[in-house]
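First up is the structure itself, then whatever we jot down about it.
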Amino acid sequence: MPPADLVNLDIVSLLWIVLRTFVVYVVLIGGLRLFGKRELGQMTPFDLVVILTVSNAVQNAMIGTDSSLTGATVSVGTLLFTNWLFNQLGFRSPAVRKLFLGQPRLLMHEGNVLEGNLRREGLDEDDLLEAVREHGFDKLSDIGEAMLELDGTISIIPTKTPVLRSKNRRTHVHR
């Protein structure tokens, strides 16, 4: 005997779930674009709290009062399909890719920090210095170019060969 939520399928209700889920997806993508690529990089505890509360807040907007397995499955399927669709559109159309994903932004050029670009992305010189150190350099003068990538990471192109530091400075003690 199939579960009750599979027997009482209401196609109109399911289509509303599809529409609401699609709208939530588009709004979230737009919000992430407005708040910049920095939000997509390494997360702080505050970012995790925002993600968890946003997911809880949009759940009811997507499935409404339908708490059935079918409703959840339709919503998840819509999210996955919408994500696939946007990826397909983005790969085929540079204009769509730029609209939804943005473009990498140059943060340093020929050793000069581009303050305006840092501000536009919600970054400051300390954030840039952190990325420089993560790439094995000690100071900004070691860097020729720095680029904020679409995934929120900062790529570094040095002016010279890096002096790599050990990530693990612990010494092993034998007992």
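Taking all protein chains together, Arg133, Arg105, Arg120 sort by accessible area into Arg120, Arg133, Arg105, largest first [probe 1.4 Å].
Using the Karplus relation 6.51 cos²θ - 1.76 cosθ + 1.60 with θ = phi - 60°, the per-residue 3J(HN,Hα) values for segment 130-138 come to 4, 5, 4, 5, 4, 8, x, 10, 9 Hz, with x marking Gly and Pro.
Within the accessible area of segment 41-148, the carbon and sulfur atoms contribute 61%, probe 1.4 Å, all protein chains present.
The values are calculated or read from the model by the stated rules, or taken from the named source; none is laboratory data. Computed from a prediction, not measured in an experiment: that's the story for all the values here. Just so you know, the surface numbers come from the protein's heavy atoms only, side chains and all, with ligands and any DNA or RNA stripped out. Shrake-Rupley method; radii C 1.70, N 1.55, O 1.52, S 1.80 Å.
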